Amino acid sequence: MNQEVKLMKGNEAIAHAAIRYGVDGYFGYPITPQSEVLETLEAEMPWETTGMVVLQAESEIASINMVYGGAATGKAVMTSSSSPGISLMQEGISYLAASELPALIVNVMRGGPGLGTIHPSQSDYFQATKGGGHGDYHLIVLAPATVQEMADFVGLGFDLAFKYRTPAMILADGIVGQMMEKVVLPEPRPRRTEEEIARQCPWAATGHSHGRKPNVVTSLELDSALMEKNNERFQRTYREIEKNEVRYESYHTEDAEYLIVAFGTVARICLKAIEDARAEGIKVGLIRPITLWPFPYDAIAEASKTCKGILVTELNAGQMIEDVRLAVGRNMNVRHFGRMGGIVPNPSEILSALKKELIGE
Amino acid sequence: MPKIYGAVTINAERCKGCELCVIACPTKVLQLQPKEVNNKGYHYATVVNAEACIGCASCATVCPDACIEVYKVIEK
Amino acid sequence: MKQEDIICPENRVYAKPRLLNDNTMHYCPGCSHGVVHRIIAEILDEEGYADNTVGVAPVGCAVFAYKYIDVDWVEAAHGRAPALATAIKRLNPDRLVFTYQGDGDLAAIGTGETIHAANRAENITIIFINNGIYGMTGGQMAPTTLEGMKTATTPYGRRIDLNGYPLNISELLAKLDGTCYVTRQSVDTPAAVKKAKKAIAQAFANSMAGRGTSVVEILGTCASGWKMSPHDANLWMREHMGEHYQLGDLKNEVKQ
């Protein structure tokens with residue numbers, strides 16, 4: 001197949017993929033290091049071609065609530081931001097989850113807490129995978145490691161969001177947002193027609209109520225018995241997602257004596273560390289969770305069976321390590337290596353950490 | 001001179017007894033039930049002076065609960 | 001003429017509008033919300049918007065507006081209705097999209113969304129019920145609470161030195177280039193209700209014609225929150241609210 005290979009930033013790939021997927025609307029607010037998503041969309045003017053709506057909102061709060069409004073009408077809508085902006089969006093994300101609305105949220109993470117730094121980080125893992133806003137809910141969380149995955153996960157995120165009627169998040173670190181790589185963009189496809197939306201989303205408040213009862217999108221239910229039923233329905237959906245949608249990549253786990261678990265671009269740095277380790281005769285393997293929720297607990301448990309220890313490498317103080325510990329239990333030696341504040345480790349640092357933490361060198 | 005006949009019916013169960021219709025009526029057709037209450041416990045509005053009704057719909061226009069239907073006949 | 005001769009379908013001049021369903025509204029007796037809901041339902045039916053409308057409900061007393069008026073609705077987060085309406089209208093430009101918001105929702109927590117939606121000239125209608133109090137949470141101070149007015153959080157009356165001034169948000173919105181129609185109405189008398197209905201119908205027409213943002217403020221009453229009878233609340237509203245918040249058009253750039 002003759003595919004056109006392009007060179008672009010991860011943030012730009014998100015924008016191009018959104019247009020090509022047939023996204024109906026993007027609503028966002030500038031924040032480093034993800035502003036290229038909105039900038040690229042404005043430059044591409046997709047309203048002239050696909051009819052996609054692009055709007056720079058007055059805040060992240062407005063952005064996510066525009067997404068909420070658009071999603072309520074059955075449209076494929078998305079936003080993107082970076083850590084502090086995503087914090088502002090949490091109420092709206094909770095409403096999306098509670099109203100069972102499909103939507104895509106992109107978080108190109110920067111270092112926190114607070115205003116923190118504009119440099120890359122993975123310190124929003126807890127926020128993304130454990131709920132983030134109020135109430136019992138989960139997002140489907142996809143962690144891209146390449147610019148190609150930035151492009152691919154737009155479509156995947158929307159497909160999963162519509163399949164399960166739940167918001168999905170692309171949790172990217174600032175590295176993959178900013179770096180340029182080769183990418184093959186998805187084939188363009190048309191936006192869904194009104195009829196297709198009505199068929200796919202019979203619950204949507206489209207305003208066209210011909211012959212059906214009015215559709216109301218709300219997260220409010222004051223009757224506790226009914227609200228518990230709603231929650232039980234959400235939880236059934238989450239169990240289905242956990243059963244069907246776990247995604248991960250493993251590398252050299254067959255003969256591994258030591259395992260590294262890392263996500264996003266950090267996993268790629270770890271690959272180099274593993275190559276160096278194997279050159280020294282240390283058998284190290286890697287598991288890269290692609291879905292951070294649902295988390296690949298079983299895959300990690302299985303891969304750890306032949307291992308003496310696990311190093312969880314993250315750009316944070318130790319967040320995903322809690323899920324790795326849940327996967328393998330207390331008898332496994334699970335250690336953490338992380339850099340914070342926007343620092344990205346090099347392969348030799350990771351290899352040194354592995355030797356120190358797991359081998360005792 | 002054409003003669004105007006009006007009449008109102010009140011959905012007593014929907015009524016909350018706010019009395020706004022009673023006050024809005026220019027010909028004093030309505031009153032709150034002084035003793036009886038509806039299932040919600042409100043002294044609901046009721047017609048006490050039917051002949052005076054001119055079908056102007058002032059009562060229905062200010063009613064917050066849309067309890068009132070208005071009828072009007074103009075006899076030439 | 002006998003009553004039974006008058007009361008027959010062909011003589012009916014007023015009935016509950018078709019789009020206002022049989023659910024009993026949860027509002028307190030005499031609440032202005034009921035009247036405004038009713039006239040919205042009337043307009044939606046009379047003007048042919050019934051199968052082409054998305055309403056956006058607020059957080060506040062009117063949170064359940066969607067239970068009473070039979071069109072499609074989305075229930076917004078507190079204050080964010082204009083953001084939702086922005087997206088709904090832009091993604092579905094042929095629909096009538098309106099928000100229904102109280103003074104806390106629109107003029108306190110949602111000030112940003114309200115001003116920016118209006119400033120972008122979104123082709124939506126904002127129906128703004130101003131009763132100067134937080135009804136749903138039990139009668140606390142609103143941004144529009146009058147000076148000296150007693151509420152649960154200003155038990156000795158609103159003090160300017162502590163709480164600032166009553167916010168004339170509609171005057172502010174009228175100054176924005178994005179609004180085409182900003183009017184302040186009331187629903188305390190039959191004549192006022194008819195005027196308010198005309199104003200909302202005008203606003204809806206503006207939205208469908210793409211003329212920019214229309215804002216219809218309705219000075220409402222909160223008999224429970226104000227601790228008055230519904231009739232006394234109407235009188236108090238006209239005398240005191242009406243003094244600070246002058247009734248009438250603040251801006252009408254649509255020549256009829």
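Quick note: the coordinates plus some simple rules give every number you see, no bench work behind them. Computed from a predicted structure; not experimentally measured. Please note: Cβ atoms are built from the backbone with ideal geometry, for glycine as well, and neighbour counts cover all protein chains shown.
Here are the numbers for this structure:
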| quantity | calculated |
| --- | --- |
| Peptide ranges A:140-150, A:319-329 listed from the most packed, as the mean C-beta count within 10 angstrom indicates | A:140-150, A:319-329 |
| Of the GluC sites (Glu not before Pro) in the stretch A:207-279, those whose Cβ has at most 13 other Cβ within 10 Å and which sit in DSSP loop | A:E254 |
| Mean Kyte hydropathy of -1.0 or more with a Cα span along the axis of at least 27 Å, helices from DSSP in chain C | C:190-209 |
| Estimated D of the stretch A:85-177 in µm² per second, where Rh is the Kirkwood radius over Cα pairs and Stokes-Einstein applies at 25 °C, 0.890 mPa s | 185 µm²/s |
| Full-stretch length increase - A:K229, A:K182 - with 0.36 nm per residue and alpha-carbon distance subtracted | 12.2 nm |
| Proxy reagent accessibility, fewest Cβ within 10 Å first, across A:T193, C:T24, A:T265, C:T144 | A:T193, C:T24, A:T265, C:T144 |
| Pairwise Cα inverse-distance average, inverted: Kirkwood Rh of the stretch C:3-252 (Å) | 18.2 Å |
| Helical mean residue ellipticity (222 nm; -39500 (n - 2.57) per DSSP H run of 4+; nearest 500) of chain C | -9000 deg cm²/dmol |
| Qualifying trypsin sites (Lys or Arg not before Pro) in the stretch C:154-184, DSSP loop, other Cβ atoms within 10 Å at most 16 | C:R159, C:K175 |
| Local electrostatic count, A:E187, Cβ distance below 15 Å [Lys/Arg +1, Asp/Glu -1] | +1 |
| Residue with peak Gaussian network fluctuation, chain C [Cα springs, cutoff 10 Å], from C:G139, C:G148, C:G225 | C:G148 |
| For the protein assembly as shown, Kirkwood radius (reciprocal of mean inverse C-alpha pair distance, Å) | 27.8 Å |
| 222 nm mean residue ellipticity, helices alone, for chain A (DSSP H n ≥ 4; -39,500 (n - 2.57); rounded to 500) | -12000 deg cm²/dmol |
| For the protein assembly as shown, size of Cβ-based charge dipole, Lys and Arg +1, Asp and Glu -1, in debye | 980 debye |
| Part-to-part distance (alpha-carbon centres) for the stretch C:81-128 and the stretch C:1-36, which is given in Å | 30 Å |
| Peptide-level mean, for C:26-38, of C-beta atoms on other protein chains within 10 Å | 5 |
| Where N is the number of residues in the stretch A:248-359, Cα Rg divided by 2.2 N^0.38 Å | 0.93 |
| Spin-label zone in the stretch C:1-41 - amide nitrogen under 17 Å from a point set 7 Å from the Cα of B:T9 along the C-beta vector | C:2-18, C:22 |
| Residue exposure sequence - A:M89, C:M25 - by fewest surrounding Cβ within 10 Å | C:M25, A:M89 |
| Ascending count of other beta-carbon atoms within 10 Å, so fewest first, for A:M45, A:M109, A:M179, A:M8 | A:M45, A:M179, A:M8, A:M109 |
| Out-of-range pairs (alpha-carbon distance over 24 Å; input A:K163/A:K229; A:K229/C:K89; B:K40/C:K227) | A:K229/C:K89 |
| Cα-based reach from B:K3 at 24 Å (exclusive), listing lysines while leaving out same-chain residues under 8 positions away | B:K28, B:K72, B:K76, C:K2 |
| Helix-only mean residue ellipticity at 222 nm for chain B, each DSSP H run of n ≥ 4 adding -39500 (n - 2.57), per residue, nearest 500 | -2500 deg cm²/dmol |
